[in-house]
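See structure below.
Each value in this text was obtained by applying a stated rule to the coordinates, not by laboratory testing. Values in this document were obtained by computation on a predicted structure and should not be read as measured data. With ideal geometry, Cβ positions are generated from the backbone for all residues, glycine too; neighbour counts draw on all protein chains shown.
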């Protein structure tokens with residue numbers, strides 16, 4: 001008599017092979033998601049920094065002097081209002097939207113759900129070799145990812161806090 005169908009052992013072997021393939025695929029999808037989140041975060045930090053620098057260059061003679069943060073500051077709607085548009089410049093003109101941030105609850109969140117942080121600080125230019133501050137000053141700006149501890153060592157090649 002000929003039997004039709006599969007034995008229990010054959011079915012279990014096939015199911016085991018399918019589960020192994022799904023497990024391997026899940027690991028690679030999670031790695032791709034992690035890389036995509038990191039890429040998105042780096043791009044958003046770069047865009048924010050460029051928008052702050054564009055704000056400074058929008059009008060001749062403008063500096064970031066009134067926008068110093070005094071250390072690392074979370075990106076909220078109020079703290080980055082200058083690049084979101086509508087802030088009056090020194091001459092009374094309105095600044096256009098320089099950065100179209102995606103705000104959640106008034107915060108600019110990274111892919112992991114925490115606010116980005118940025119800094120604007122004054123750096124003195126050196127005078128005539130005697131170590132004293134010169135007549136001019138420049139400003140530096142940077143953005144950082146607050147979830148830095150979640151990254152793999154190879155992904156930590158972004159600028160560090162000073």
> In what sequence do 4, 33, 62 fall when counting other Cβ within 10 Å, fewest first?
Replying inline: 4, 33, 62
> FRET efficiency for residue 102 and residue 78, Cβ-Cβ distance as r, R0 = 22 Å, nearest 0.05?
Replying inline: 0.85
>> Could you list 145, 21, 8, 53 so that the one with the fewest beta carbons within 10 Å of its beta carbon is first and the one with the most is last?
In response: 8, 21, 53, 145
>> Could you tell me the calculated FRET efficiency between residue 14 and residue 35, based on Cβ-Cβ distance and R0 = 25 angstrom, to the nearest 0.05?
In response: 0.20
